[in-house]
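Data first, discussion second: the structure below is written as structure tokens.
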Amino acid sequence: MSNIIYYVSFIILGIGIYGIVSQKNLFKQLISLSIIDTAVNIFIVALGYVEWGEAPIYSAITPVANFVDPLPQALVLTAIVIGVGTLALGSILLVHINEKYGSLDPDEIRDIREVVE
Amino acid sequence: MIALLIAVPLAFAFASIPHERLGRYFLPFVALFNLVCLFFFMEPGQILEVGRWPAAYGIALVLDNVSYPFLIFVNFLILMMALSATLENRYGTLLLVLTAAVNGIILTGDFFNSFVFLEIISVIAYIVAAHKDNALGAFKYLIFGGIGGTMYLLGAVSVYVKSGTLNMGYAAFITDPLIVPTICIFFLITFLVELKVLPLGLWAPDVYSNGSSVTPIALGSIVTVSLVYLFSRIFLNIFDLPSPQLVGILAMISIILAELGALKQKSLGRALSFATISGVSTVVAALSMRESEIASAAYFYLFNDVVSKFILFTLFAYLGERGFKSNKTAGIAFTFASLSVVGFPMFAGFWAKYYLLKALFQVNSYALPAIILIAAVIEAGYLIKWNVELWYKGEDTPKVQDGEQDSEMENEDDEVEEDFIPFGAQVVTLLLALTLVVVGFMPGLIHDQTMNIANNVLDFRPYLDLILKGGM
Amino acid sequence: MQSLLLYLAVGALVGYFLSMINRRLGPIVLLALSLYGLFTLWNMPIGSVEGLFGFEDILQFTALSKYFSIITLIVFSCYAFFNIVWISKAKRPHAFSALSILTLFGTLGVFLTPHLIALYIFWEIAVVASLFIVPMGKEESKKATIWYIVISSIGSYMFLYGTFLLYSKFGTFNLFEISGDIASESTGFKWLVSLLLLSAGIAKSGIFPLHVWLRNVHGNAPDTFSAVLSGQLVKMGSYIIALLLGTFPIATMFSQFYAGVNIFSYVLIWLGNISILIGTFMAIKQNDMKMLMAYSTVANGGYILIGLALLDQVGFAGGLFHVINHALAATMIFLSFAAVVYRTGTTKIDEMGGLIFKMPVTFVTYLVGIISIAGIPPTSGFVSKWMIFQSLISKGMFVTAMFAFVGSIGSFLYVFRPLAGVFLGQLKRKDKDVKEAPMIMLIPMIILVALTILWGVFPQQVLVWVTDVQRQFGMEPFKFDGTVLYSSLGHWDSWTVFVMFMVGFIIAAVIYILMPKGKKIPLDDQYTSGEFLHNFDLYHYATKYYAFLEREYEGHPSFEDWYTSIVNVLKAIGKGVDYFVRRTASAYTFWMALVLALLLWVRW
């Protein structure tokens, strides 16, 4: 039962990889990268799961510290932030590319470049 | 004290945000400060546990015999770059953060910490790669580097799952024969991408050939050196390299393909970037053999490659392909650097190849030396061709505008003044060229250092002693 | 030795800066250094051992070193002397002088050390120094430089690989220490190492199959430097060949094949044969003076290789003697070409003609040079050719002897062409005011002529050097006694030959003086048969001089094209790599997944 989350993570990873390999539009490739990040984050959080564990927050309900592993969650927080930063940066780059070449399709861009060169 | 190496650049980076051009002036001073600290106030064999958390629970910054020389080298390169590169607005801030991150990745003894620093380096690398209107190349690099970073994260997390801690030293105790290769493969993918081993390093030519004086040096020299350090640390010190023959073969194929790729290029920048791929692939191929003499020669080779490419890329950035007619000293530096890359005596490159070949033959490895020499023949062909063209430019036929040249570089030609090299760049390139000659005559200077590094890197005991404080 | 090398190294810098003051000072520095070197090394005892830069015992002065160093220094002295005037035409005089001195430094270093790595270092210094002089010549010299460095690198790196193979087996880089042990290795190893080490020599002396660079490089380099390239740098290759063939016990290392010649030598002799063939026939086709002589260097390199590979009493001595002969002759010829170009501005044979009265001393130099190359007494060329022929015939190697004879005859064909085309025949109108070359240029040419004839009549001095070398290698030395040279098939006395020549000359002179004077006809009558010309058309037979012969082998395969096609294949692969680079990130991910899959598959 607890393995389902791993399968979900792999499926999303597969979607992301498929997206990068097959999509023509550069922005879609960027989003696929983001999807891959998400999949990996899910995977990491799932790794930290302890059977019957509670959310790792000290409170009245949990006198005994029966938590899921908090460390992967911390890692994932950082990874999400990094992913956001990369996504933002990629978008800016795409804006530049669009300004320069007028399109986000790599084939069209290549044609334009070969004319210029 | 060690943390100052990371904290000071970061502080100055934040301080330079309000004013656009301030960062550029902070950078050489920060690099100099780092060097001074390293030389006079620090000694190898120190460890700093951040927040007083013991190493297994917290982040440990380790300064041992391997990281110390690398730190000196990297900070020295940053200082040189600060003096020679033309930094536009805000680039100073970026490079200050890069300084912090690069120092951090060398110092840190924690996997996740190194992941964070790696991602910082990557993000800055994407921005720097987009210098001179090269957004397309930077985007390619971003996609590829993003996947590489993800792989690294997976590797770090796997280490945690298996060993319960993120500390590099403790990770050495993982002995499960099924998991260790998997972990290593995750890390290996990242390094193959970042260290430009073909076919995963295909982003490099587009990124390095944008004609900027910052990009190829920041990425090709500084970042590469720190990542070679990380590669050595993870694969030579902590884990065993999975299937070293495969890595070796991939690297050897990469060497040959990169050299052949360089042969065809009509643009000097792309040819040089292919040469960089080939050089770093040689280092990777040599390191994968896990022998102390070979590793020492590999570090020597890295030193030579990085310094020569520094000179070549800087001169290319400022001179384009305009030739050396009014810049004899630049031409001499360029020629010295190219001769050193190929490996002619009496330059540093010759000794690099000599030590490497000698060590390889001693372990009866016959394929890699042959590949290195074949690559040297091809390298000699195109580097000498470029040298002759640049020295004798403008003497006869008018310059032919080739169709393959990137349009970005033509823009650069129009903007920059005729044959103008900033004084800082001239001084730096001459200084580095002289270094190549000096090392060519006295290779012991560098060789002793690299032997020291190699011996320490392959022996995991000093590192673990440092982290575990002499006991379990 | 040590001080000489240091002076040369410093002299390069000194020459560079002095030539900024006055460009003639550069060659003067070179001349001074070469004469100093000649004096020192002439008197240095064979077998002296010195250290260099703190490396103990790294310089060793063997008989072979002495012989080759003296040849080199003679060539360089004449070159430097000639340059004192010629340098005014050089494109970059400062770099030219400095790099020339550096070339001398590298070359002498090669001759002076048996330590293979030190030898390699000096070798590469000489290559790099000469590499940057070559593009100072004509326009096409830039592409030629690439050929030069690539083929030279192929040779040098194979040499380096072989050196390290030997080091890993024997633990030492000193060639003389290895020579004893190598006979006990496996056959494959012996073949591999010998071929690897020899390929540096083969590449440098322009033997087939690594000969394609000679034409363009020697033909397009600055004029006087071609003399150094042809007369001296290729001799560096011959040095390596002689050193290796002498030091390794080749005769016993490989199995006997034919008439007492072992199989390895036999392969080398065949390479030499093909080189002679290619060199001779390609030279016949050439229209450019210098490219023609470049092919002649290929052919003569073949002679030297054959002589050396025979490894016997007469043949080896003949090969060594031919080294000095070709050095002198090639230098003479290229210097005379340089003088002609200095005055007329072109190297194409069919653009010149009738310069014999305008430049008589140059003509005589060239004449003696080609007589020496063709191997006609009383020049020294005859001695070496005779020795090689003797050895071939005494071994019964008639096919090779046939090639050698063909080469000899063919050599006279191709060297005659510039003679007739440049010096005889019709004087072009634009060359009417051409004067003789300046005196300073003439002096070295005259010296070389004198040396050639001197050693043709009195070959003892050279034979002493040569037999010392043979003794160093433990071979039976060539037998000679005064001016009488002995071989197994007979002997001859060079003095007698010279006396006969002089007697004939005197008889002819007497007849010329006593008999009624013939009518002095102008130059024009040579080719007009006494007709009166109304217009100044071109009646000079120089274009496609040997068309009847060239037609015979018109469709021959060209090695240069073959090499170029290899390069094109490599470039196509590179283009493929570049194609992949220009794809987008999606393709990269695909590749990354592929590599990941590959790694995982290998793991499990």
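Within the stretch A:100-111, how many residues turn out to be surrounded by fewer than 18 Cβ atoms within 10 Å (Cβ to Cβ), in contact (Cβ under 8 Å) with a residue 12 or more places away in the chain and not in a helix (DSSP H, G or I)?
Residues flagged as surrounded by fewer than 18 Cβ atoms within 10 Å (Cβ to Cβ), in contact (Cβ under 8 Å) with a residue 12 or more places away in the chain and not in a helix (DSSP H, G or I) within the stretch A:100-111 amount to 1.
Inside the stretch B:125-166, can you point out the residues that are among the β-branched types (Val, Ile, Thr) and either within 14 Å of chain C (Cβ to nearest Cβ) or buried (at least 23 other Cβ atoms within 10 Å of the Cβ) (or both)?
At the first step, the residues of the stretch B:125-166 found to be among the β-branched types (Val, Ile, Thr) are B:127-128, B:143, B:147, B:150, B:157, B:159, B:161, B:165.
Within the stretch B:125-166, B:Val128, B:Ile143, B:Ile147, B:Thr150, B:Val157, B:Val159 qualify.
Of all residues in the stretch B:337-358, which are within 20 Å of B:Phe316 (Cα to Cα) and hydroxyl-bearing (Ser, Thr, Tyr)?
Listed by number, the residues that qualify are B:Ser338, B:Ser340.
With respect to B:Arg270, is the statement that it is of a type in the set (Lys, Arg) and within 19 Å of the chain's Cα centre (by Cα) true? Full working, then the answer.
Numbers: of a type in the set (Lys, Arg): yes; within 19 Å of the chain's Cα centre (by Cα): yes.
Taking the combined requirement at face value, the residue satisfies it.
State whether the residues of the stretch B:322-335 include one that is within 20 Å of the chain's Cα centre (by Cα), in contact (Cβ under 8 Å) with a residue 12 or more places away in the chain and more than 16 Å from B:Gly279 (Cβ to Cβ).
Our first condition is that a residue be within 20 Å of the chain's Cα centre (by Cα); within the stretch B:322-335, this holds for B:334.
From what's left, in contact (Cβ under 8 Å) with a residue 12 or more places away in the chain: B:334.
Next, only the ones that are more than 16 Å from B:Gly279 (Cβ to Cβ) stay: B:334.
Yes, the stretch B:322-335 contains at least one residue that is within 20 Å of the chain's Cα centre (by Cα), in contact (Cβ under 8 Å) with a residue 12 or more places away in the chain and more than 16 Å from B:Gly279 (Cβ to Cβ).
Can you pull out every residue in the stretch B:7-28 that is among the aliphatic types (A, V, I, L, M) and part of a helix (DSSP H, G or I)?
If the condition is that a residue be among the aliphatic types (A, V, I, L, M) and part of a helix (DSSP H, G or I), then B:Ala7, B:Val8, B:Leu10, B:Ala11, B:Ala13, B:Ala15, B:Leu22, B:Leu27 are the ones that fit.
Restrict the check to the stretch B:37-46 and report whether at least one residue is more than 22 Å from B:Ser212 (Cα to Cα), of a type in the set (S, T, N, Q) and modelled with pLDDT of 85 or more. Before the answer, list the steps.
Initially, the stretch B:37-46 is screened for residues more than 22 Å from B:Ser212 (Cα to Cα), giving B:37-46.
Of the ones still in play, those that are also of a type in the set (S, T, N, Q) are B:46.
The next check asks that each one be modelled with pLDDT of 85 or more; those that pass are none.
Checked against the condition, which is being more than 22 Å from B:Ser212 (Cα to Cα), of a type in the set (S, T, N, Q) and modelled with pLDDT of 85 or more, the stretch B:37-46 yields no hits at all.
Given the residues C:Gly11, C:Gly37, C:Gly47, which is the only one that is outside any helix (DSSP H, G or I) and not β-branched (Val, Ile, Thr)?
Numbers: C:Gly11 fails: outside any helix (DSSP H, G or I); C:Gly37 fails: outside any helix (DSSP H, G or I).
Matching residue, one of C:Gly11, C:Gly37, C:Gly47: C:Gly47.
Consider B:Leu200 against the criteria (1) closer than 22 Å to C:Val577 by Cβ; (2) away from chain C (no Cβ under 13 Å): it satisfies all of them except one. Which criterion is unmet?
Here B:Leu200 meets the rest and fails (2).
Suppose the filter is under 24 Å from B:Val74 (Cα atoms), assigned to a helix (DSSP H, G or I), under 21 Å from the mean Cα position of the chain (by Cα) and free of Cβ contacts under 8 Å to residues at least 60 places away in the same chain; does B:Val102 pass it?
Working: under 24 Å from B:Val74 (Cα atoms): yes; assigned to a helix (DSSP H, G or I): yes; under 21 Å from the mean Cα position of the chain (by Cα): yes; free of Cβ contacts under 8 Å to residues at least 60 places away in the same chain: no.
No; evaluated as a whole, the condition is false for this residue.
Of the residues B:Phe187, B:Phe191, B:Phe173, only one is in a loop (DSSP other than H, G, I, E, B) and more than 9 Å from chain C (Cβ to nearest Cβ); which? Break it down into steps so the answer makes sense when it comes.
Details: B:Phe187 fails: in a loop (DSSP other than H, G, I, E, B); B:Phe191 fails: in a loop (DSSP other than H, G, I, E, B).
Answer to the selection: B:Phe173.
Is there a residue in the stretch C:66-78 that is crowded, with 24+ Cβ neighbours inside 10 Å, under 18 Å from the mean Cα position of the chain (by Cα) and within 11 Å of another protein chain (Cβ to nearest Cβ)?
For the stretch C:66-78, residues crowded, with 24+ Cβ neighbours inside 10 Å, under 18 Å from the mean Cα position of the chain (by Cα) and within 11 Å of another protein chain (Cβ to nearest Cβ): absent.
Being surrounded by fewer than 24 Cβ atoms within 10 Å (Cβ to Cβ) and under 21 Å from the mean Cα position of the chain (by Cα), is that true of even one residue in the stretch C:86-93?
No, every residue in the stretch C:86-93 fails to be surrounded by fewer than 24 Cβ atoms within 10 Å (Cβ to Cβ) and under 21 Å from the mean Cα position of the chain (by Cα).
Can you list residue pairs whose Cβ atoms sit under 6 Å apart, with the first residue in the stretch C:10-25 being free of Cβ contacts under 8 Å to residues at least 24 places away in the same chain and among the hydroxyl-bearing types (Ser, Thr, Tyr) and the second being crowded, with 20+ Cβ neighbours inside 10 Å and in a helix (DSSP H, G or I)? Count only pairs 6 or more apart in sequence or on different chains.
Every condition considered, no pair remains.
More than 14 Å from every other protein chain (Cβ to nearest Cβ), surrounded by 24 or more Cβ atoms within 10 Å (Cβ to Cβ) and either assigned to a loop (DSSP other than H, G, I, E, B) or of a type in the set (Gly, Ala, Ser) (or both), is that true of B:Ala82? Before the answer, list the steps.
Details: more than 14 Å from every other protein chain (Cβ to nearest Cβ): yes; surrounded by 24 or more Cβ atoms within 10 Å (Cβ to Cβ): yes; either assigned to a loop (DSSP other than H, G, I, E, B) or of a type in the set (Gly, Ala, Ser) (or both): yes.
So B:Ala82 fits the description; yes.
Out of (1) within 11 Å of chain B (Cβ to nearest Cβ); (2) assigned to a helix (DSSP H, G or I); (3) modelled with pLDDT under 85, the odd one out for C:Met158 is which?
Among (1) within 11 Å of chain B (Cβ to nearest Cβ); (2) assigned to a helix (DSSP H, G or I); (3) modelled with pLDDT under 85, C:Met158 violates only (3).
Any chance the stretch C:92-111 includes a residue that's farther than 15 Å from C:Thr224 by Cα and not in a helix (DSSP H, G or I)?
No - not one qualifying residue is present in the stretch C:92-111.
Does the stretch A:18-29 contain any residue that is assigned to a helix (DSSP H, G or I), within 14 Å of chain C (Cβ to nearest Cβ) and in contact (Cβ under 8 Å) with a residue 40 or more places away in the chain? Walk me through how you get there before you give the answer.
From the stretch A:18-29, those assigned to a helix (DSSP H, G or I) are A:18-22, A:26-29; that's our starting set.
Narrowing further to those that are within 14 Å of chain C (Cβ to nearest Cβ): A:18-22, A:26-29.
This time we only want the ones that are in contact (Cβ under 8 Å) with a residue 40 or more places away in the chain, so: A:26-27.
Checked the stretch A:18-29: at least one residue is assigned to a helix (DSSP H, G or I), within 14 Å of chain C (Cβ to nearest Cβ) and in contact (Cβ under 8 Å) with a residue 40 or more places away in the chain.
Quick one: would you say A:Ile44 is among the β-branched types (Val, Ile, Thr) and within 19 Å of B:Gly164 (Cα to Cα)?
Values: among the β-branched types (Val, Ile, Thr): yes; within 19 Å of B:Gly164 (Cα to Cα): yes.
So A:Ile44 passes the test.
Could you check, for the stretch C:521-541, whether at least one of its residues is in contact with a Lys or Arg (Cβ under 9 Å, 6 or more places away or on another chain), within 29 Å of C:Leu243 (Cβ to Cβ) and either of a type in the set (Gly, Ala, Ser) or modelled with pLDDT under 85 (or both)?
Start the filter on the stretch C:521-541 by keeping residues that are in contact with a Lys or Arg (Cβ under 9 Å, 6 or more places away or on another chain), which leaves C:536, C:538, C:540.
Among the residues that remain, those that are also within 29 Å of C:Leu243 (Cβ to Cβ) are: none.
Looking for residues that are in contact with a Lys or Arg (Cβ under 9 Å, 6 or more places away or on another chain), within 29 Å of C:Leu243 (Cβ to Cβ) and either of a type in the set (Gly, Ala, Ser) or modelled with pLDDT under 85 (or both), one finds none in the stretch C:521-541, hence no.
Residues in the stretch B:29-58 that are within 26 Å of B:Ile174 (Cβ to Cβ) and crowded, with 21+ Cβ neighbours inside 10 Å: how many?
1
One line per residue, one yes/no per condition, for (1) touching a His at 6+ places or on another chain (Cβ under 7 Å); (2) in a helix (DSSP H, G or I); (3) surrounded by fewer than 15 Cβ atoms within 10 Å (Cβ to Cβ); (4) not small (Gly, Ala, Ser):
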{"position": "C:Met387", "(1), (2), (3), (4)": "no, yes, no, yes"}
{"position": "C:Thr400", "(1), (2), (3), (4)": "no, yes, no, yes"}
{"position": "C:Phe403", "(1), (2), (3), (4)": "no, yes, no, yes"}
{"position": "C:Gly407", "(1), (2), (3), (4)": "no, yes, no, no"}
{"position": "C:Val415", "(1), (2), (3), (4)": "no, yes, no, yes"}
{"position": "C:Gly421", "(1), (2), (3), (4)": "no, yes, no, no"}
{"position": "C:Gly425", "(1), (2), (3), (4)": "yes, no, no, no"}
{"position": "C:Lys430", "(1), (2), (3), (4)": "no, yes, yes, yes"}
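It is to be established whether one or more residues within the stretch B:228-237 are surrounded by fewer than 24 Cβ atoms within 10 Å (Cβ to Cβ), under 22 Å from B:Phe191 (Cβ atoms) and within 14 Å of chain C (Cβ to nearest Cβ).
Looking through the stretch B:228-237, at least one residue is surrounded by fewer than 24 Cβ atoms within 10 Å (Cβ to Cβ), under 22 Å from B:Phe191 (Cβ atoms) and within 14 Å of chain C (Cβ to nearest Cβ).
Name every residue in the stretch A:100-117 that is more than 24 Å from A:Val21 (Cβ to Cβ) and facing chain B (nearest Cβ under 8 Å), in order of residue number.
Result: A:Lys100, A:Val116, A:Glu117.
Go through (1) within 22 Å of the chain's Cα centre (by Cα); (2) charged (D, E, K, R); (3) over 17 Å from C:Leu427 (Cα atoms) and name the single condition C:Lys348 misses.
Going through the list (1) within 22 Å of the chain's Cα centre (by Cα); (2) charged (D, E, K, R); (3) over 17 Å from C:Leu427 (Cα atoms), C:Lys348 breaks only (3).
Taking the stretch A:50-99, which residues are more than 8 Å from chain B (Cβ to nearest Cβ), touching a residue at least 12 places away in the same chain (Cβ under 8 Å) and over 19 Å from B:Thr165 (Cβ atoms)?
Step one: of the stretch A:50-99, the residues more than 8 Å from chain B (Cβ to nearest Cβ) are A:50-70, A:73-74, A:76-77, A:80-81, A:83-84, A:87-88, A:91-92, A:95, A:98-99.
Checking the rest, the ones that are also touching a residue at least 12 places away in the same chain (Cβ under 8 Å) come to A:50-56, A:66-70, A:73, A:76, A:80, A:83, A:87, A:91.
Once the filter is applied, which keeps residues that are more than 8 Å from chain B (Cβ to nearest Cβ), touching a residue at least 12 places away in the same chain (Cβ under 8 Å) and over 19 Å from B:Thr165 (Cβ atoms), the stretch A:50-99 yields A:Glu51, A:Trp52, A:Gly53, A:Glu54, A:Ala55, A:Asn66, A:Ile80, A:Gly83, A:Leu87, A:Ser91.
Given the structure, is A:Ile44 touching a Pro at 6+ places or on another chain (Cβ under 9 Å), within 9 Å of chain B (Cβ to nearest Cβ) and part of a helix (DSSP H, G or I)? Step through it out loud before you land on a result.
Values: touching a Pro at 6+ places or on another chain (Cβ under 9 Å): yes; within 9 Å of chain B (Cβ to nearest Cβ): yes; part of a helix (DSSP H, G or I): yes.
Spelling it out, A:Ile44 is indeed touching a Pro at 6+ places or on another chain (Cβ under 9 Å), within 9 Å of chain B (Cβ to nearest Cβ) and part of a helix (DSSP H, G or I).
(1) within 10 Å of chain B (Cβ to nearest Cβ); (2) among the basic types (Lys, Arg); (3) surrounded by 24 or more Cβ atoms within 10 Å (Cβ to Cβ): which one isn't true of C:Arg215, the others all being true?
Exception for C:Arg215: condition (1).
The values are calculated or read from the model by the stated rules, or taken from the named source; none is laboratory data. Computed from a predicted structure; not experimentally measured. Quick reminder, even Gly has a Cβ in these numbers, built from the backbone with ideal geometry, and neighbours come from all protein chains shown.
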